[in-house]
1. Note down all Cβ pairs under 7 Å where the first residue falls in region A:50-73 and is more than 13 Å from chain B (Cβ to nearest Cβ), the second is assigned to a strand (DSSP E or B) and of a type in the set (S, T, Y), and they're at least six residues apart or on different chains.
2. How many residues does region C:9-29 contain that are in contact (Cβ under 8 Å) with a residue 60 or more places away in the chain, among the charged types (D, E, K, R) and either at positive phi or within 11 Å of chain A (Cβ to nearest Cβ) (or both)?
3. Give me the pairs: first residue in region B:44-58 and at the interface with another protein chain (Cβ under 7 Å from one of its Cβ atoms), second residue among the hydroxyl-bearing types (S, T, Y) and surrounded by 13 or more Cβ atoms within 10 Å (Cβ to Cβ), beta-carbon distance under 7 Å, and six or more apart or on different chains, which are they?
4. If I filter region C:48-71 for residues that are at pLDDT below 95, surrounded by 12 or more Cβ atoms within 10 Å (Cβ to Cβ) and touching a strand residue (DSSP E or B) at 6+ places or on another chain (Cβ under 8 Å), do I get at least one hit?
5. Can you pull out the residues in region B:1-24 that are under 24 Å from A:Q31 (Cβ atoms) and part of a strand (DSSP E or B)?
6. Among C:E58, C:E18, C:E42, which is among the charged types (D, E, K, R), in a strand (DSSP E or B) and in contact with a Phe, Trp or Tyr (Cβ under 8 Å, 6 or more places away or on another chain)?
7. Kindly evaluate B:V32 against the criterion of being within 13 Å of the chain's Cα centre (by Cα) and of a type in the set (A, V, I, L, M).
8. Which one is nearest to C:N21 (Cα to Cα) among residues in region C:36-70 that are under 14 Å from the mean Cα position of the chain (by Cα) and among the hydrophobic types (A, V, I, L, M, F, W, C)?
Amino acid sequence: MAGLQPYVDHRVLLILQDGRAIVGTMAGYDQKSNVVLSDSKERVYSIEEGVEEIPLGLYLVKGDQIVLIGELDEATDKAVDLSTIRAEPLPPIRY
Amino acid sequence: MLIFSVFKTLTDQRVTVELKNDLSITGTLKSVDQFLNIRLDNIKVLDEARHPHMMAVKNCFIRGSVVRYVQLPAEHVDTQLLEDATRREAAAQNKR
Amino acid sequence: MLPLSLLNAAQNKPMLVELKNGETFNGHLVNCDNFMNITLREVYQTSAEGDKFWKLRECYIRGSTIKYLRVPDTLLDAVKEEQNRAREAGRSARGAHVSGAGQRGRGAPQRGRGMVRGGGPARGGRGRGRGM
């Protein structure tokens, strides 16, 4: 089974269908891959300036909106200076 | 269901998953479920310079519904067996 | 922790709901079900472009149209405590019926916490705003 259990209580990166990237601690999930994130922050990418982090707090994301959930390697993540990263925002899902 | 079985035989192989947001991710297939949700280990994003978003991500869960293609390692897919299994499944379905 | 336990515990609490079309709704949760259909009261609705606002006394939102919900941070601990209590109760009274979900959150209701915006600067277009 490709369950989400290994990600519980870990810092994760969530990519949504609209292209948003949200980091947070996975507090829980269910059968439909609805996900609860605590201490979550949106990472807003742009070409003009570095990555902006916007605190979002406690978030419940519907499963059908989720594209990808990645486990963040915290050491690697902390070593990255987000203000130096310039990139297009991820595109939204197009069917 | 058949494709689910095919994916299960490919666990621990390197595959490339192209998503419907045009992101391509290569990784070791760790598991699949009946929705064709996929778990990949040791991932690498194609064109990392353009997509630095996943820099600190080593393994991930991909929702089956957003997968466009999965590139399979040809040497690990027995296409003859797959054709036979497909015919058998189609025959079983026609009987009902 | 199940997402639906969190939602159940959010009754009477303020929340922000964004729909798939980018519209947002700020209000207090009145009721919810397992499909995440919800009713909110004292609602501020914001258009996807962030340029139009409406005030609704009450509204119903179909669960399938929701993108995400933002709830007060304090709910996480409330739900965890509730689950611990339920587990303890289950241990001491083995065999007794234990209902995990459906418990109301405890303690003083959290008013505001900046969850309700009474208008303000426009957000980014196409629902790609700041979640607030």
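The values are calculated or read from the model by the stated rules, or taken from the named source; none is laboratory data. Just so we're clear, the structure is a prediction, and the values are computed from it rather than from any experiment. Reconstructed Cβ throughout: ideal geometry from the backbone, glycine too, with neighbour counts over all protein chains shown.
1. Here the result reads A:L56/A:S40; A:G57/A:S40; A:L58/A:S38; A:Y59/A:S40; A:Y59/C:Y68; A:L60/C:Y68, each pair linking region A:50-73 to a residue that is assigned to a strand (DSSP E or B) and of a type in the set (S, T, Y).
2. Going through region C:9-29 one residue at a time, the tally reaches 2.
3. Matching pairs, first to second residue: B:H53/A:Y45.
4. The answer is no, given that none of the residues of region C:48-71 is at pLDDT below 95, surrounded by 12 or more Cβ atoms within 10 Å (Cβ to Cβ) and touching a strand residue (DSSP E or B) at 6+ places or on another chain (Cβ under 8 Å).
5. B:V17, B:L19
6. Details: C:E58 fails: in contact with a Phe, Trp or Tyr (Cβ under 8 Å, 6 or more places away or on another chain); C:E42 fails: in contact with a Phe, Trp or Tyr (Cβ under 8 Å, 6 or more places away or on another chain).
Going through C:E58, C:E18, C:E42 in turn, just one is among the charged types (D, E, K, R), in a strand (DSSP E or B) and in contact with a Phe, Trp or Tyr (Cβ under 8 Å, 6 or more places away or on another chain): C:E18.
7. On the way: within 13 Å of the chain's Cα centre (by Cα): yes; of a type in the set (A, V, I, L, M): yes.
For B:V32, the condition - within 13 Å of the chain's Cα centre (by Cα) and of a type in the set (A, V, I, L, M) - is met.
8. Going through the qualifying residues, I end up with C:I66.
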